[in-house]
1. If each Cα of segment 254-372 is one equal point scatterer, what is log10 of I(q)/I(0) from the Debye formula at q = 0.12, 0.16, 0.17 Å⁻¹?
2. Set the bar at 31 Å for Cα to Cα. Now go through 337/567; 217/432; 382/465; 572/622 and name every pair that lies beyond it.
3. Using 1/(1 + (r/R0)^6) with R0 = 41 angstrom and r between the beta carbons of residue 47 and residue 167, what's the FRET efficiency to the nearest 0.05?
4. Among 440, 452, 466, flag the residue with its Cα farthest along the positive direction of the charge dipole of segment 432-514, charges on Cβ as +1 for Lys/Arg and -1 for Asp/Glu.
5. In whole angstrom, note down how far apart the Cα centers of segment 487-526 and segment 458-475 are.
6. Given axes a ≥ b ≥ c from the Cα gyration tensor, I'd like to know whether segment 481-634 is rounded (a/c under 1.5), prolate (a/b larger than b/c) or oblate.
7. Put a dot 7 Å past each Cα toward the Cβ at residue 150 and residue 221; how far apart are the dots in nm?
8. Based on the alpha-carbon gyration tensor of segment 12-170, what equivalent-ellipsoid semi-axes (square roots of 5 times the eigenvalues) come out, in whole Å, largest first?
Amino acid sequence: MKQAIQPTKQTAIFMMGVSGVGKSTIGTLLAKQLEIPFFDGDDYHSEANISKMSKGDPLTDLDRHDWLHALNALATQQLKTNSCIIACSALKESYRTILETTIAASTKWIFLHGTFQQIKERIQHRNHHFMTSDLLQSQFDALEIPQNALQIDIHLSPKEMVTQIQKSLPLKTQFGLIGLGVMGKSLSRNLAQKGVRISIYNRHVPEVEEDIAINFKKEFKELASAQTFDALPAFVKSLETPRKIMLMVNSGPAIDAVIEDLLPSLSEGDSIIDGGNSNYNKTKERFDFLKSTGIHFIGAGVSGGEEGALKGPSIMPGGDAKAYQQVQPFLELIAAKDKNGIPCCNYIGSEGSGHFVKMIHNGIEYVEMQLLADVCTVLKAKGNTPDQIADILESWKPTTNSYLLEITITILRKKEGDDWLVNKIMDTAGNKGTGNWATIATAELGVPSTLIASALFARYTSFYKAERVAASKQFNSENISQPKITIDALHNAYQFARIINHYQGFKLIQEASERFKWDLNLSELARIWTNGCIIRSDYMIELVTIFKTTNNLLTHENTVQALKTRKSAIKKVVAECVLHELPIPSLSNAIHFFTNFITANSSANLIQAQRDYFGAHTYQRKEDATGQFYHTEWNLNEPKKPTEHGNTSN
Ligand code: 6PG
């Protein structure tokens, strides 16, 4: 990773040592490297001091008093806007005390030292140097070696000296993170643990969010060198350029508000990464807007929850490919690694494609969660306790493992007192909107990813708790026997539905890729999802290989075989559940979608006829391969009439 060289802006560097030691030479070189101003302290002497020195008379402490204060004023002034380097012999502790009055915290001392002989020889080689041997000796006599200075031996070459000094300077930070919620905190720690110098910012809201960044830093030792802020301009200043700033704030208007506040402090070429669950359409808008200001915008999906963000999330960055290169080393560093050690992070595509695929990731996640809930519904109806259900799911691990299966087993086993905790949790499922957007996207793109809608609407149905309780009293049949479903059949049904879920999710991504010309790589996306993210699973690892040969999962030999062998199981399971009034919204949707999809001649002909009847929307005929559109006057006994322009606008 690129090594930054600039110090933080608030450092006044005093280059000290006896005359002739090379303070101006080294100071000038260093200032050039750091792109900060250099001042030679000797230029600030009074006329009287200069004339005294030129006569070879040593200056007294009194002579130096005003001069030292003038240099202190110079440093103080510079610190308001910049770092600076000031060369000044500063031989005595008392001189140094004056020089750093009120700015000690922002002062860095560099002591150039050599032997009397070395320096004497150097002086003799210089023309017009006023220093005599006696004067030099008096400087050595006066010198009080500083305790808190970086000591640089002048036998090194100037280049070596500058390098050594640079290494010891407080450097500008490499990466900034805004928003210290759960995910922002975990990502900050992840970055810091990997050795990235970070600046972290959280807004200041009186009595609500105060000193968030400072207090967070105190909690974790890996944050010892992190710089903390609750003011954006200072946060931005602390970052090396081009700046890389990740936003981990709530999606929606908060993102635009932060961008607006950041803009005045940013410079052309800086990059902003939105790591939240933002809507991909908004990401494109922000991308276009920021492009006009010269700022790069990267919409990055980040999956893995709190733990993933800390230990290694799956990251899906989209936007400008060149801009991505700037942030790539950082994102890859903190990302989870796949089974071959490759980061679960790769450039996804242009515009909002990173956030689009994260949105569909969440859609798939909703379904995977609902399918497990459906499975538990069946197992519970068969009379199993949560512990027993956990044992059954445990036995599925060797063939069907996934992160969500694992956490479900842990959840089911968790007890609180005599009862299982899961039994005490209110059955109204929340959501933060990505499932909603994914359902809107599938509808807008005209892709039948029905399972995402089924899982979303199952959550929405759950909200109606009071009405459900009342309806259950009204409508539930009594004395329904246990469903006759074997564990094996249920397992097969679950596997069948998961295949349909992944087919539909990736199909939606593929269709979006074609529509928006994103050129997405499904195999690579599956690889990014093999670790770190919520939908990581053994099946996802299989998909990496499958998508290398086709973008249509349903046509792949393995899928065809897997669905064929499991079809009868899911039909039986769903039929039994319907008979026993067991709600399994996603399991049932999987077989309904499938049955619909494998019907060569569907009932859509009747839909077309109905549309044409009331709206003259026209229809195509099976025997006419040209695709010609027809309209019929359904109430008249007239022959069919081809239309001129195909579909009418009604
Ligand atoms: C992830 C998760 C994460 C979060 C979502 C879904 O990939 O890490 O998807 O982004 O859990 O916000 O939350 P809801 O279920 O509340 O919609």
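1. Taking Cα atoms of segment 254-372 as identical point scatterers yields -0.44, -0.75, -0.84.
2. Table pairs above 31 Å Cα-Cα are 337/567; 572/622.
3. According to the calculation, E is roughly 0.55.
4. Farthest towards the positive end: 466.
5. Each part's Cα centre sits 31 Å from the other's.
6. Note, shape of segment 481-634 comes out oblate.
7. 2.6 nm
8. Taking √(5λ) for each eigenvalue gives 23, 20, 14 Å, largest first.
Where a number appears in this text, it was derived from the coordinates with a stated rule and is not lab data. In this text, all values refer to a predicted model and were calculated from it rather than measured experimentally. Backbone-built Cβ (ideal geometry, glycine too); neighbour counts: all protein chains shown.
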